[in-house]
1. Can you name the residue in the range 300-326 that is touching an Asp or Glu at 6+ places or on another chain (Cβ under 8 Å), surrounded by 15 or more Cβ atoms within 10 Å (Cβ to Cβ) and hydrophobic (A, V, I, L, M, F, W, C) and is also nearest to Pro177 (Cα to Cα) among such residues?
2. Taking helices (runs of 4 or more DSSP H) that do not extend beyond the range 117-200, which have at least 3 residues that are touching a residue at least 60 places away in the same chain (Cβ under 8 Å), closer than 30 Å to Glu448 by Cβ and out of contact with any Leu (no Cβ under 8 Å at 6 or more places or on another chain)?
3. Among the residues of the range 126-145, write down those that are acidic (Asp, Glu) and under 12 Å from Phe339 (Cα atoms).
4. Being over 22 Å from Val175 (Cβ atoms), in contact with a strand residue (DSSP E or B) (Cβ under 8 Å, 6 or more places away or on another chain) and at pLDDT 95 or above narrows it down to one residue among Pro484, Pro500; which is it?
5. For the range 641-649, check the following and say yes or no: at least one residue is within 25 Å of the chain's Cα centre (by Cα), assigned to a strand (DSSP E or B) and within 24 Å of Leu67 (Cβ to Cβ).
6. Would you check if there is a residue in the range 343-365 being at negative phi, at pLDDT below 95 and either touching a His at 6+ places or on another chain (Cβ under 7 Å) or not in a helix (DSSP H, G or I) (or both)?
7. Could you run through the range 88-112 and say how many residues are touching a Lys or Arg at 6+ places or on another chain (Cβ under 8 Å), over 19 Å from Asp440 (Cβ atoms) and not in a helix (DSSP H, G or I)?
8. Of the residues in the range 488-500, how many are crowded, with 24+ Cβ neighbours inside 10 Å and of a type in the set (A, V, I, L, M, F, W, C)?
Amino acid sequence: MSRASLVLMLFAVLPAVSTAQTSAPAPAPAPAPPAEWPPLKVVDVRWIDTTVAACTDFSQFANGAWLAHDTIPAAYASSGVTRDMSDRNELVVRSVLDAAAAHRSSFPADSTPRKLGTFYATCMDSTAIEAAGATPIRPWLRGIDSVTTRARLVPEIAKLQVLGVNVVFRYSPDVDPHDALHYLTWLYQGGLGLPDRDYYFAQGAASDSTRQAFVAHVAKMFRLAGQDSAAAGRAAADVMALETSLARGSLTRVERRDPAKTDHPMSAAQLAALTPGLAWPRYFRAIGLRVPVQKVNVAEPAFVKRVDSLLQAAPLATWRAYLRYHAIASAAPWLSTPFVQEDFAFRSRFSGARALLPRWKRCLREADGDVGEALGQAYVAKTFPPEARARARAVIDDIRTAFHERLLHLTWMSDSTRAQALDKLARMGEKIGYPDRWRDYSRLRVAEGPFVLNVAEANAFEWRRTVNRPGTPVDTTEWGITVPTVNAYYDPSKNEMVFPAGALMPQTFDASADDGANYGSLGGSWAGHELTHGFDDEGRHYDARGNLRDWWQPSDSVHFVEQAALVEQQFNEYIQVDTFHVNGKLTEGENIADWGGLLTAYDALESRLAREGRPGGGLIEGYTPEQRYFIAYAQSWRGHDRPERLRTRVTVDPHAPERWRINGPLSNIAAFAQAFGCKEGDPMVRPKEKVPSIW
C-alpha cells in the first residue's frame, strides 16, 4: 500500500474510532474552541474603535476595540491573528494525532500512520519521560567526552549536526545562486546559544544581564546533567568565551540580507586553502555526503576561517563543554521536568511567556515541524475544499495581473529593465493550499521509547533525505512550510510564492466574503506582499529563473536604492518598544513588500469591482469596498506582543511591529486618504516629499 493511501486510511478512521476498534482506548477528545471565540471574519466591525479617527491612527481605529479587551494567555508571547488561526488549526491537527496515537497498533508496522501515532504518543507519555530523566542522551554525552584528540572533534561535530544539534556552523544543500536548476553545498555561520550575534556585544545593563543569565543557564544545564557546581560554572564560562569568539566572526542580520555578502562560491581546493586546519573530506564523509564536493558556497568566509582557527587553538575541554551544552539544550524540551523548566525559563527572557504551553500543543508543534507532511493530507481533507483553493487562486492571479499593469506604467523604469521584470513576473510560480505530491516517510525510523530519540531520528531522516543533493536537479515540487502553518513565503531562488492551506482561512481569506475584505487581507497582506518580495531590495537581485544576477539598468538601480532609503528612514522614526526604534534597514524588505502589496492589491480590487460590479447599496456593514479593503488589511495584522518579545524582535525580526506595518505603508497611499477623507497634515498622510516612489 502506498504512503498516500495509508494517510488517507488514517483520515478515514478518524470519524469512527469509538465503537469499531475496541482493542485500543479512545483518545481524549480535543477541546472545543472556547466560548469566547467568535467565528473569525476577514473583516470584523466589532473590533473597530470608532472613538479614534481613521486619519489619526488607523491601526487603533481598525483594531482598538479588540485590543482593549485582549489578554495575552500566560503561555504565549503574543496574541492576535496568527494565534487565533493557529489555535483553531491545531484543534484539527490534534484530532488527527489523537486518533493516530490511540490506534497506532492497528496500522501496519512500517506505515506512515503508525509512525505518526507513535511519534505523538511517545511525546505525550510524560510518565516515561519523567522516569528517564537525562538517560536517553547519555550516549551523546559519552561520545562528546571521548573527544580527547583534535582528530575526533570534527566527526563529533558532524554526528551532532545530523541529529539536529546546532553546533559550530551549518551545512545545507541549497539552490546554487548562479545555477538555480541545481543544488549546491552551502556552509553558513551558526552554533550560538543566544538568539543573535549582537547579544554578545551589545552595551548596557540589560545586555550585561542577558549574558550573565546565559552563563547561569548553561551552568544549570550542566548541573542537571550531573556535573558538580564548580565544574559546571567553569565550563559555562568557557562556553560563553567560545561563543563570543564565534559571534565575532559572524555577519549581522542586516549584512546577511544583502545577497552579495553571502555569495562566495569556491572550489574544494579553495575551501581547503581558506581553512587549512579543517578536515573537510572527513567532515563530509561523517555527515553522509557520498559524492565528491566539487564546489561550495561559503556564505560567511570570515566566520569559517574563525572556526578553523578555533578548532586548532581552543582547548579540547572548552570544545567538549560547548558541544555538551548544545546537546543538552537541544534535548531539554523533551526530557524530564527540571530540564523543560530550565529551558523555558531561559527562553522566556526573550519571549515574555509566563507559562509553558500544554504538553499536547508542544507535542503537536514538534510533530508538525518534524513529520508535517504526514499530517497535511488529513488536515486538508477536513478544512480546505477544492473550491476554496480555486477562489484563493483567482484572487492571487488578479494580484499578478495588477502588478503586470503597474510594471507597464512605471515612468522611472527603463524599457530593458521592465522587460526583465515582466519576464520574472510571468515565470513566478505559485503553490496554493497543499503539495500535489506528498513526502515519502518510508525511511523514517520511529520507535516506542524515549521521545527525544524519535526527535533525533526525525532530524536524521531529514538530513539523510537532503544531504546528497549537491549537483542534483532542484526539486521544484517541494514545500518549505507545512500545510497547517499560518504563514506564507516567497523563495527568490525558485521565484515562487507559497500559500499553505493553514493561512487561507478566516481571518486571512473566506471564499464567501466580499471582495473588499478578501483583496485587502489575502490580496494585500499576503499575495501582494509575497509577490512584491520578488522585487524588494533583496529579491530584485535574482532573475526570472532564480539566478543571482544584476538585470537592472544602473540608472534604475540608483532610483530604487534612493527610494528604498526613504522607506528605511520612515521606519527608523517609529518606536518599537521603550526607547528602541524600529531598525529600518533590517525591516526594509518587509516594509517595501507591505507597501507594494497594498498598492497592487488595491488595483486588483478596483479592476474586480469594474468587472463584477459594486455591492448593492454601495456599502457592507456601513463601509465601502475600498474602506473594507483597508480595514481588512489592518485587521490581518491585528496583534499584541509582550514587551520582552518586542525587545527581541528589534534585534532578530526583519518585520516591523504590526502597528507600523499598518500605519507605515497606509500613510504613503493616496487611495487610503481618499477612502477615509484624510487631509494633508493628518497623521495618516505623510508629506509628499517623504513618500517613496517604487511600485
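The values are calculated or read from the model by the stated rules, or taken from the named source; none is laboratory data. Bear in mind that the values here come from a model prediction, so they are computed numbers and not experimental data. All Cβ positions, glycine included, derive from the backbone under ideal geometry; neighbour counts span all protein chains shown.
1. Going through the qualifying residues, I end up with Leu323.
2. It comes to 126-132, 153-162.
3. Residues of the range 126-145 acidic (Asp, Glu): 130, 145.
Scanning the range 126-145 gives a single hit, Glu130.
4. Values: Pro500 fails: over 22 Å from Val175 (Cβ atoms).
Of Pro484, Pro500, the one residue that is over 22 Å from Val175 (Cβ atoms), in contact with a strand residue (DSSP E or B) (Cβ under 8 Å, 6 or more places away or on another chain) and at pLDDT 95 or above is Pro484.
5. Keep residues of the range 641-649 that are within 25 Å of the chain's Cα centre (by Cα), which gives 641-649.
Pick out the ones that are also assigned to a strand (DSSP E or B) and you get 641.
Narrowing the set further to residues that are within 24 Å of Leu67 (Cβ to Cβ) leaves 641.
Yes - at least one qualifying residue is present in the range 641-649.
6. Residues of the range 343-365 that are at negative phi, as a first pass: 343-351, 353-365.
Now drop any that are not at pLDDT below 95, which leaves none.
Within the range 343-365, not a single residue is at negative phi, at pLDDT below 95 and either touching a His at 6+ places or on another chain (Cβ under 7 Å) or not in a helix (DSSP H, G or I) (or both).
7. 0
8. The qualifying residues number 2.
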